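Input: a single structure, listed below in structure tokens.
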Amino acid sequence: MAKTAIKQSILKPRKNLRRNLFIISLLVVPLLHFVVFWLYVNAKTISLAFYDFDPWSNSYKFVGIQNFVEQFRHFRERPETLKMFINAFRAIPINLACLVLAVIIGYAFSKHIYGERVFRVIFYLPSMISIVILTLCYRYMFMYNPGMLEGPAAMLLRMLGVNYNGWQTASDDPQVISNIWWLISIFCVWASAGINIILMSSAMSRIPEEVIESAKLDGVGFWRELFQIHIPLIMPTVSVFLVNSMMAVSAFYLQPMLILGTNPGPSAYNTVGWYMFYMAPKAQNSDMPTISTVGFILTVSVSLLVIIVKKVTDKLTPDVDF
């Protein structure tokens, strides 16, 4: 017995050592990836916002907050600079429209309406197709070249008496710009509707049937059931959606870029994400501080917005456990 106990006491540390080495070997690659491609890259990008490139010495020199002062001066003197920030924040109302549509249609699906499965496929279909192909199809629908090519949506608009003459992205007419943004917004809602509807309907399907039956016995109607039972019980899912909607501001560039088909976009349609996507690959040393400053301002703005929305939704979101 004594020999067995001694042998086990010797083998146990070796076994633990092999186990720990195995765990470390699994963690070392993702940790290195995090340190190099996230921590270092982001730290370097943030630090560049506080430097300026000196062509005489061919090096970066610390200038403090001078780049930020210059950028905020551009907001006042160059309307197109402020416009790309405003355009980036258009992602928020677009995502809110997606949320409203997803909640209403998801609720209808939870009531098992006639043809529910067919409608699920129809709404989810755009989410299954590549966004590039989807955008090309959408552009074709609204394409209008007199005497040559006319898309079905453009044809329908002209049949309804709408003075529609194509995209006209180079036009400075406020009405044209407004119409183009409406087309971009409709595309964003249409392209993301499927996954959001599935998300909301899945959250509603988890609501216990006893709760729904109890509400029906109390005489709760269709819309009252939606606003007083379903929405409060899926608020954790809605909260996550709202936080992600705020974060989408920095990534809002692919939709207008693909729809307009220009690079970079006209100032009326440009966003911060589009600006950085276009500038970063061809940026010179002197351009990097400006790009970093723009990205840092957007990151701080979005982070503050996310924190505020998270605090508010946490207070509004009940503790649900079912």
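What tally of residues in segment 66-75 results from selecting those that are farther than 13 Å from PRO289 by Cα and exposed (fewer than 13 other Cβ atoms within 10 Å of the Cβ)?
1
Report yes if VAL63 is over 21 Å from the mean Cα position of the chain (by Cα) and surrounded by 11 or more Cβ atoms within 10 Å (Cβ to Cβ), otherwise no.
It is true that VAL63 is over 21 Å from the mean Cα position of the chain (by Cα) and surrounded by 11 or more Cβ atoms within 10 Å (Cβ to Cβ).
Within segment 172-193, can one find any residue that is β-branched (Val, Ile, Thr) and in a loop (DSSP other than H, G, I, E, B)?
No, that holds for no residue.
For segment 93-110, what are the residues that are of a type in the set (Ser, Thr, Tyr) and modelled with pLDDT of 85 or more?
Result: TYR107, single match.
Please tell me if PRO236 is part of a helix (DSSP H, G or I), in contact (Cβ under 8 Å) with a residue 40 or more places away in the chain and surrounded by fewer than 16 Cβ atoms within 10 Å (Cβ to Cβ).
Yes.
Among residues belonging to segment 259-277 that are buried (at least 17 other Cβ atoms within 10 Å of the Cβ) and part of a helix (DSSP H, G or I), point out the one that is nearest to the chain's Cα centre (by Cα).
GLY273
Mind checking which residues of segment 76-95 are within 25 Å of the chain's Cα centre (by Cα) and either closer than 17 Å to SER292 by Cβ or among the basic types (Lys, Arg) (or both)?
Those that are within 25 Å of the chain's Cα centre (by Cα) and either closer than 17 Å to SER292 by Cβ or among the basic types (Lys, Arg) (or both): THR81, LYS83, MET84, PHE85, ALA88, ARG90.
In this structure, is ALA280 among the aliphatic types (A, V, I, L, M), part of a loop (DSSP other than H, G, I, E, B) and more than 18 Å from ASN95 (Cβ to Cβ)?
no
Of all residues being polar (S, T, N, Q) and surrounded by 11 or more Cβ atoms within 10 Å (Cβ to Cβ) in segment 34-60, which is farthest from the chain's Cα centre (by Cα)? Just the residue, please.
Here the answer is SER47.
Looking at GLU116, GLU150 in this structure, which one is charged (D, E, K, R), touching a strand residue (DSSP E or B) at 6+ places or on another chain (Cβ under 8 Å) and either under 24 Å from ILE231 (Cβ atoms) or modelled with pLDDT under 85 (or both)?
GLU150
Out of segment 285-322, which residues are free of Cβ contacts under 8 Å to residues at least 24 places away in the same chain and not in a helix (DSSP H, G or I)?
Hits for segment 285-322 are ASP287, ASP319, ASP321.
The values are calculated or read from the model by the stated rules, or taken from the named source; none is laboratory data. A quick note: this is a predicted structure, and the numbers were derived from the prediction, not measured. As a convention, Cβ positions derive from the backbone with ideal geometry for all residues, glycine included, and neighbour counts pool all protein chains shown.
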